[in-house]
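The values are calculated or read from the model by the stated rules, or taken from the named source; none is laboratory data. What you are looking at is a predicted structure, and each value in this text was computed from that prediction instead of being measured. Backbone-built Cβ (ideal geometry, glycine too); neighbour counts: all protein chains shown. Each accessible area value is taken on the protein alone, full model and side chains, heavy atoms only, with ligands, DNA and RNA left out. Shrake-Rupley method; radii C 1.70, N 1.55, O 1.52, S 1.80 Å.
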Amino acid sequence: MVDPIKILEKAKTSNIKDPWARRETWRDHPSFSKMSQLRGMFPGLGIATVLSKQTTAFVAVSAGRSSRALRLAHIQRTGRIPMTVASLTRGRAMHTRGFSGSATPRRSETVAYKLADIGEGITECEIIQWFVKPGDKVSQFDKICEVASDKATVEITSRYDGVVRQLYYKENDIALVGKPIVDIEVESGGSEPAAAETPDSAPAPVGIPDPTPTEIPAPAPTPVPKDYSVERTNDVVYATPAVRRIARENGVDLRFVAGSGKGGRILKEDVQRSATSSSNSADASPFVQANASGADAAAVGDHDRVVGLSPIQRAMFRTMTESAAIPHFRFKDEVVLDALVQARARINADNADKLSLMPFFIKAASLALAQYPVLNARVVAGTVPQLEYRAAHNIGVAMDTPGGLIVPNIKNVQTKSLVEIAAELRELVARGRAGALGNGDLRGGTFTLSNVGMIGGTYLSPVVVSSEVCIGAFGRVQRVPRFDGDSDRVVARHVLVSSWAADHRVVDGATMARFATLFKALLEQPELMLARMR
């Protein structure tokens, strides 16, 4: 919160005799764009006159409030000292003060709008779709494009009011963080035209292809597929990155696909139905082939093809390459889940939202990490390697989504109950399937679990990532015969194989074995888990 008293005192102790005569640049203030916004900025003021945005003053009439109170209110709101406020309560005449007595003519300048850093060390993004084209007018906060990184999908919005002049990338191109993605022509004031920002090593601007597909000569008339994009808002095709990837792999132009989802959103089933329809036709989709890239066109038919990696695949490539330099210590053990299966059945009997086994695995891992915190640490590289012990148990859960493998994490598992963990896990799964996970869901993980057993498999070999020192993976729960204790009687047991991997540079085998043994005991005897919960 801005402290207006401190700002006033600082102004009074400066070399400026009259702190209210301090000239501020007001034309950048968004409240000056509209008279109503200016009134809302100063409650109790009647605005008499507002000069142009190139000036630095305004005229106001007090409505029963002191000049000091008005100034304090403005500082509280903006953190700036107002240059001149005419107040009738102090008996001063209304006046204005500015840099010049007349407004200067407005000029235009072209701003190269750069792709901002969206966090987590991301250096590049894939352009999923453009919401604008050259010649479109945009305002602040209008959507410009949608980009996908290896972490999440983000909509980029405009910071300017102006006209789009050039686009630097086509859809599905890779844009670099810190480089221009679009040129916007904006209006600016002043006697000298502002120099446009010249991008360094920026890609050549590209235009948006004509939304009308190019006609292809044919010996017989070919029915033109319906362009559904014209029926959508602003001609925007609404589809997740995963759906767009499937469309590219099948050579399907999404403009000619009718979306069956909410608001006309195109679903995976719509793309598959369109691909099947095209392959069954006598003349297979000439429009798709005309608008597809070389790699996508090669996907049609039984031919070898070379395609670029998706953002998630590029992240996997980079991460696993780094992991290859880490020496792994692996540990596998069987966990008998009969008692846990029975306890879970009793919990679900009184719970509307049914719990899977995964929340129990997550909580048991957190309880074991409390006793062996080195497994929640990370290696800090440098001349002298160090270990950073992390207090929060942000346990990541590997998920298989239509776009590829992602690992969102549940924050502060050590403070959450089983029901809270289950609810957050369901939410992450739903957002992951919809391609709606944000950077906050994916960053800050300290420990990872992978439940590959939902697909199949028994014995696994997970790989540690460089930001962690341990990972666990679980195979399929099987009902298998086992001896009952020391007797010769054979009984059926629910058995899970847990597979662990640790960074052997900092974690010894004994620590890994003790952690896995404690994890096993907590699951085989749920009352022990209950006793350790806070």
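Quick look at the values:
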quantity: Test set (1) among the polar types (S, T, N, Q); (2) touching a strand residue (DSSP E or B) at 6+ places or on another chain (Cβ under 8 Å); (3) loosely packed, with under 13 Cβ neighbours inside 10 Å - T321 fails condition number; calculated: (2)
quantity: Condition check for F331: touching a residue at least 12 places away in the same chain (Cβ under 8 Å), part of a helix (DSSP H, G or I) and of a type in the set (F, W, Y); calculated: no
quantity: Restricting region 447-463 to residues that are under 16 Å from D503 (Cα atoms) and hydrophobic (A, V, I, L, M, F, W, C), the residue that is most open to solvent (accessible area, probe 1.4 Å); calculated: V463
quantity: Residue tally, condition out of contact with any helix residue (DSSP H, G or I) (no Cβ under 7 Å at 6 or more places or on another chain) and surrounded by fewer than 16 Cβ atoms within 10 Å (Cβ to Cβ), over region 515-534; calculated: 6
quantity: Selection status of V465, outside any loop (DSSP other than H, G, I, E, B) and at pLDDT below 95; calculated: no
quantity: Subset of region 413-446 that is open to solvent by 30 Å² or more (accessible area, probe 1.4 Å) and among the small types (G, A, S) - its residue that is farthest from N376 (Cα to Cα); calculated: A434
quantity: Any hit, region 498-508, residues being touching a helix residue (DSSP H, G or I) at 6+ places or on another chain (Cβ under 8 Å), among the aromatic types (F, W, Y) and within 16 Å of F360 (Cβ to Cβ); calculated: no
quantity: Strands (runs of 3 or more DSSP E) enclosed by region 143-185 - at least 1 residues per element that are surrounded by 22 or more Cβ atoms within 10 Å (Cβ to Cβ), among the acidic types (D, E) and modelled with pLDDT under 85; calculated: 143-148
quantity: Region 407-421, subset within 15 Å of L367 (Cα to Cα) and hydrophobic (A, V, I, L, M, F, W, C), residue farthest from the chain's Cα centre (by Cα); calculated: L418
quantity: Residues of region 306-320 satisfying the condition of being assigned to a loop (DSSP other than H, G, I, E, B) and among the hydrophobic types (A, V, I, L, M, F, W, C); calculated: V306, V307, L309
quantity: A297, sole failed condition from (1) crowded, with 16+ Cβ neighbours inside 10 Å; (2) at pLDDT 75 or above; calculated: (2)
quantity: Any hit, region 394-412, residues being in a strand (DSSP E or B), crowded, with 17+ Cβ neighbours inside 10 Å and at positive phi; calculated: yes
quantity: Residue identified as in contact with a Leu (Cβ under 7 Å, 6 or more places away or on another chain), open to solvent by less than 40 Å² (accessible area, probe 1.4 Å) and not in a loop (DSSP other than H, G, I, E, B) among A343, A368; calculated: A368
quantity: Residue within region 496-508 that is small (G, A, S) and either in a loop (DSSP other than H, G, I, E, B) or open to solvent by 10 Å² or more (accessible area, probe 1.4 Å) (or both) present; calculated: no
